[in-house]
Each structure stands twice: as structure tokens, then as C-alpha cells.
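The values are calculated or read from the model by the stated rules, or taken from the named source; none is laboratory data. Since the structure is predicted, the reported quantities are computational estimates derived from the model, not experimental observations. Because the Cβ atoms are built from the backbone with ideal geometry, glycine has one as well, and the counts that use them run over all protein chains shown. The area values use the complete protein model at the heavy-atom level, side chains included, leaving out ligands, DNA and RNA. Shrake-Rupley method; radii C 1.70, N 1.55, O 1.52, S 1.80 Å.
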Amino acid sequence: MMTTKIFVCPVVIPAKSPVAFMILFALLMFLMLTDSIVSNISLESAAFTQKEDSQSLQTLTVTRNIKSDVVLPLSLTVSTKNNIVDEKHGIGKFRRKLPEHEIFMSDELTRKFHGRLLEFFNRGCEVHFFMTWISKVGSFGRREIMAAESVFKAHPNGCLMILSRTMDSVQGYRILKPLLDRGFKVIAVAPDFPFLVKNTPAEAWLDDMKSGKKDPGVIPLAQNLSNLMRLVVLYKYGGVYLDTDFIVMRSFKGLKNTIGAQSIDVVSKNWTRLNNAVLVFDMKHPLVLKFIEEFALTFDGNKWGHNGPYMISRVVRRVEGRPGYNFTILPPMAFYPVDWIKIGGLFKMPKDRTGSRWIEAKLQQLKRQTYGVHLWNKQSSKLVVEEGSVMERLMAQNCVLCKHIYSS
């Protein structure tokens, strides 16, 4: 804050000189007015400078987030300078220009993706598995390791590739090393996203996102990137995609071009919703191409599930029964035997004999009818696996390292 000071020098005025008095009075008023004007100009200049500094700081903060090695999962924070008014249509809509995040670009590491993938899967793999991890490497925890363990418990000669820039690192290697030390074939590879979407309908979607023509929305971008990445990698290479909160219970070797229903109508037994946590498809399958096309054309980053499970369901409803789309829809017991609302019950220990009998019956049912159990991590990630619970028994039966079972 600026302080205005007026310095008055003593002046000797003849007592009987009204003309001199009026001249001095006018001079003092002029000096006070001039000082006030200069002060106001200085204050306005300071306020303008502060505003400019604030905008520069905001832009700098966004730039640093973009260039950080690990920023996902994220809800994008964009400078107000990137808001573009659609004046052409006069509707006042804003388009948020997507920052140039690392996953949208190719570099020396990602350009090796295709060669690394071919080399890895050329190792006598009985089944090719993919997972995606678009988050901090430190967030890849015990639950995710358990999912990887279960893959190898059911497929000792299977191969698991985790598509992840953050896991493709020294720290990621250390996380996977216990599995590698036991001879299991697992690797984390930074994906080349532009290469994966090239010559697919998603290529135009990516261009629109990078140019700011398409709004990424409020849903964490990582979620929608994972939805798309699983599709394009299966389309180009074929194999099995699994979420990282899925416990495999039996071999997938006999499955071919398969999706799982999440729910069915209790009367008609027809499926009501499909899910994309487990996808099994051959390379270049036409249904997967339809999924990619639907993702690109109807993308909405503001609706949860719109570009994932709901998108899968929309496409299958349209093409089901049409020639050229050969695929199988398995009932909920195959991959989603417990709905997300009831998943907490699998983590609880029995309180009495009735509870113990229920757990034994549930385990027998899962053993007979289930390929694996989706844990609905959003609902169950903070639950503790209680001793004697269904989840404790499942983890103990399907692990290979078998550490830290009693934890969230």
C-alpha cells in the first residue's frame, strides 16, 4: 500500500499581502491535486501488475503439472486462457483445450512399444494378458499385485503386459520383481498411444482432444483413457484384457471373443448390462472396431460409464444377432458373481455357524461357475480382508506370493 506524504515548508508571509496569500494557497492546492493523481495512477498500475502476475502464476502451475512425470489419475485443471468461446454459433459454450499430456505424445521410450510387445509375447505364452495402469507407480499396491498373482496361478505359462508409463520404471520393476524371480512372464511397457490409435476411428478423436475441439470432461481422464486403451490394444494384437481389481480363478485358455454380463433380467434371463472389466478378443475383431468407433463418435467426459460399460452395452444391443459379429456373452456368474453393492459381504468373517455354512456354499458355487471375481475396487479398496472370509479364502487359493492377504 502506498502512503501519500505532503511536505510543507514554512513560508513567511507579509500580514497585509492578500495577493501573495492567494498565490500561495493556489500553489498548495495544485501540489496536493498533482500528488493525488500520481498516487492513483501508481495504485492502478500495481493492481494491474498483480493481476498479470496472478494469471502468470496460474498458467505456470498448469504447465508444471503437465510436465510432471506422474500426474494421473487427474481431473484436468486448465488455465482460463485456454477457454475458447464459440462465437461463431453465438451459444456461449466453452471448449477446454487439452494440455499436451505425456500419454498423448510419442517419445524415444514409447516408440519402442511395438517391438517390445512382439518380443515379449514371442516367448511361448499360452495366453496373452493385458492390464492398464494410468496412475502413480506408488499406487500399484497389494490389491493389484494380487490380481497379477492370480493370473499366474491359473496360467503358469501365461504372459502379462501392464500398459503403463509409470510402471515402466525402476520402481515399477522392483514391484514386479518378486514375480519375475519366480519365473513368471510379466512386464510393464510404456504404450505409444498415437501408434495404438493410428488407422482407427480413435485417431480423429485424439486429434480433436489435442487441439481442444473436444472437451475431456469432469470424469478423471485416466478412466476414459483406460477404456480406450484396452480396446485399441486388443484390436491390434488380440488377447485378454483384465482390470487390476480382478481375481482369476480358472484358466481363460478356452475363451474366445467373450464379454461378460454384469446383470440380467430375473424373468427373461436376458442381459441388461454388460461390463468391460474383462474382454477376450481376437486381433482385428469387427466388434472391437465398433467399440472404438462408438467411443470416438459419442465420447462424453461428463458421464460416468458412458465411454465404458454403457458404451459396450449400446454397441452390442445394435449388432447382436447380425452376421459377421461372432462373440459370446457369459452370464454374470462368469466374471461378476457379486454385484458392487454386495461386494463388502465377501470381506466379512463368519459370525456364527450359519455364516460359516454360507461361506462354504459360496466358495463351492464360485469354484463351479466362475472364471474370476471382480472386486469393484471403488467400493472395496478400503475394506480389510477379515480372516475366514470368502475373500481371504479366495486370495489364499489363488495367490503365488501369498503375502499381505489381510490388508486393504
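Structural remarks
- For peptides 312-322, 275-285, 350-360, sequence by mean Cβ density within 10 Å, most packed first: 275-285, 312-322, 350-360
- Residues whose amide H comes within less than 5 Å of that of ALA261, counting only those at least five positions distant or on another chain, are LEU330 (H built at 1.01 Å from N in the peptide plane).
- Subset of LYS112/LYS378; LYS210/LYS284; LYS177/LYS342; LYS177/LYS378; LYS253/LYS351; LYS269/LYS362 violating a 30 Å alpha-carbon distance limit: LYS112/LYS378; LYS177/LYS342; LYS253/LYS351
- Residue-normalised accessible area of segment 343-398, expressed per residue, 1.4 Å probe, Å²: 56 Å²
- Extension gain for the segment LEU289 to LYS378, taken as residue separation times 0.36 nm less the Cα-Cα distance, is 29.2 nm to one decimal.
- Extension gain from VAL218 to SER263, taking 0.36 nm per residue of separation minus the Cα-Cα distance: 13.5 nm
- Sites ASP181 and LYS351, calculated FRET efficiency, Cβ-Cβ separation with R0 51 Å, nearest 0.05: 0.80
- Measuring r between the beta carbons of ASN270 and GLN397 and using R0 = 35 Å, the FRET efficiency lands at 0.60.
- FRET E, pair TRP340, GLU387, Förster distance 35 Å, beta-carbon r, rounded to 0.05: 0.90
- Extension gain, HIS114 back to GLU320 (0.36 nm per residue minus Cα-Cα distance, nm): 70.9 nm
- Sorted largest first, the spans of the alpha carbon positions of segment 102-334 along the three principal axes are 49, 44, 30 Å.
- Accessible surface for segment 145-229, divided over its residues, is 35 Å² per residue with a 1.4 Å probe.
- Trypsin sites (Lys or Arg not before Pro) restricted to DSSP loop in segment 121-193 with at most 16 other C-beta within 10 Å: ARG123, LYS136, ARG182
- Percent accessible area from carbon and sulfur atoms, segment 343-398, protein chains only, probe 1.4 Å: 50 percent
- The simple spin-label model puts a point 7 Å past each Cα toward its Cβ; for THR298 and SER106 those points are separated by 3.1 nm.
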